[in-house]
Structure formats: structure tokens, C-alpha cells
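Notes follow the structure.
The values are calculated or read from the model by the stated rules, or taken from the named source; none is laboratory data. Note that the structure is a prediction, hence the values are computed from the model and not measured. Heads up, the Cβs are rebuilt from the backbone with ideal geometry, glycines too, and the neighbour counts pull from every protein chain shown.
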Amino acid sequence: MKGIEGYLHTKVRINQRGAIGIGAMIVFIAMVLIAGIAAYVILSTGSQLEIKSGATGTQTIKEVSTGLKISTIEGHNTSGLIDKIVIIITPRAGSPDIDLYGTLIELSNTQQKYVLTYSSAYWVNGKSGLEDLFDADAFSSVASEFGIIVLKDDDSSCNQNTPVINRGDSVMLALNTTAIFNGIPGNVNIQGNIIPEEGAWGIIQFRTPSSFANPVLILQED
């Protein structure tokens, strides 16, 4: 009987060991599967983050490099009031094309604030030169409109109906301040922004002199 009992006991132990081995294998396979899934999730997340960071970086670079630069703002004096101003702008270095049709100008004298949009009726080609730019037909009599005087545009991209400027271009934005503020007297703070559809804004900020000695005044320089 002992022989039979020993045989049965040994067989049970072998079966138990086999069951334990199968269980361990199942646990091992499950761990491998979990590790594989975790690795896939990590790699997938890393790939998505890389794509998003690349897109964000490209967008940031575009936002920083895109925009308008104000070179000079000049004013025209008539009887002690600035009745017209021109704002000379160029695209920032590295900026892609900028459509001035979608550009807004905000202008304030601390008491009134106006928002101006481009009117194609007041586009002037000044590439060949103008005898008197303040006599050019670029100054709208409507307070909410500005005109354009093209100074430099080698590829002729800044047209009357599609005023697009790019690298190397230079234009004047013409504003009739008589229509906007009934003229600007001395000692007045003027603030505003030139807001393209995309990119950095051009900042308008100057104070008019206490007296106007000349017919043309430099109000702001870069």
C-alpha cells in the first residue's frame, strides 16, 4: 500500500507543479502583453507630442516672424492742425505675404477711438514718385477708411484690389485725420495699432509737438 500511496502522492505533486508552471506562464504572458500595450501607448503618445510640438513650434515661429513694421509716421500741418498722416510700413524680416485688405488700423486720441479698413477707391501707385504725397488721392473722407500709396513693390503684388505686400515692399497707409478727429492739434497723445490678419502688430504711439513750424512733421520713427 505504501508503494501505491507513494506513487499517487508523487503524481499529485507532479500535477501540482504542472499547474503552477502553467499559471506562471499565463502570468508571464499577461505581463508581456501589458508591457507591450504600455510601450505602444508610450510610443504613440510620444509621437503625438512630437507632432504637436512641431506644429506649435512652426506656428510660434510664424507668429513671431510674421507681421508689420512701422518705419515712419509723417503728418501734414494745415493752419496748426495735422489734417493727414501717412504711416510707412514694411513686412517684418522673414514674414510671408501680408494681405492689407484684411488689415485693420486702430487709432485713438484718448477721447475717441476709430477702427479703419482699407478702401480700394484710395489706392495710389507712387513707385514712380509723387510731387506731393499729401495731395495724392489716397485720403478717404470717411473716418473708417484708409488708403494705400505704394512706394516699392518689385513684383507688383500690391495691387488695388489685392494689396499684398511681401519681402522688400514698402507702402504708405494714408489716413485723413480731419475726417477722423477733425484734425489733431498740438500736445495730443495718439495711440493705436496696425493689425494684420496674422502676426505681430505695428504699434502707433506719438505725441504731437506743442507748435507746428513746418508743413510736414515727423511724428514717429523706428
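Residues being in a strand (DSSP E or B) and either more than 22 Å from residue 106 (Cβ to Cβ) or among the β-branched types (Val, Ile, Thr) (or both): count how many of those fall in region 198-222.
Count: 4.
Here residue 173 meets the list (1) assigned to a loop (DSSP other than H, G, I, E, B); (2) closer than 24 Å to residue 120 by Cβ almost entirely, failing just condition (1). Among the residues of region 110-137, the one identified as under 18 Å from residue 202 (Cβ atoms) and out of contact with any Ser or Thr (no Cβ under 8 Å at 6 or more places or on another chain) is 113.
Here's the yes/no breakdown for (1) within 30 Å of residue 215 (Cβ to Cβ); (2) touching a helix residue (DSSP H, G or I) at 6+ places or on another chain (Cβ under 7 Å); (3) assigned by TED's automatic domain parsing to the domain that holds residue 200; (4) modelled with pLDDT under 95:
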{"site": "56", "(1), (2), (3), (4)": "no, no, no, yes"}
{"site": "74", "(1), (2), (3), (4)": "yes, no, yes, no"}
{"site": "97", "(1), (2), (3), (4)": "no, no, yes, yes"}
{"site": "121", "(1), (2), (3), (4)": "yes, no, yes, no"}
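The set of residues in region 123-149 that are touching a helix residue (DSSP H, G or I) at 6+ places or on another chain (Cβ under 9 Å), within 19 Å of residue 192 (Cα to Cα) and of a type in the set (Gly, Ala, Ser) comprises 140, 143, 144. Of all residues in region 93-117, those being surrounded by fewer than 23 Cβ atoms within 10 Å (Cβ to Cβ), closer than 22 Å to residue 218 by Cβ and not β-branched (Val, Ile, Thr) number 3.
All of 139, 181, 146 fail the test of being surrounded by 18 or more Cβ atoms within 10 Å (Cβ to Cβ) and in contact with a Lys or Arg (Cβ under 7 Å, 6 or more places away or on another chain), apart from 139.
Whether any residue in region 178-187 is part of a helix (DSSP H, G or I), in contact with a strand residue (DSSP E or B) (Cβ under 6 Å, 6 or more places away or on another chain) and over 16 Å from residue 88 (Cβ atoms) is what I want to check. Yes, region 178-187 contains a residue that is part of a helix (DSSP H, G or I), in contact with a strand residue (DSSP E or B) (Cβ under 6 Å, 6 or more places away or on another chain) and over 16 Å from residue 88 (Cβ atoms).
Scanning region 188-197 for residues that are in a loop (DSSP other than H, G, I, E, B) and closer than 30 Å to residue 97 by Cα turns up 196, 197.
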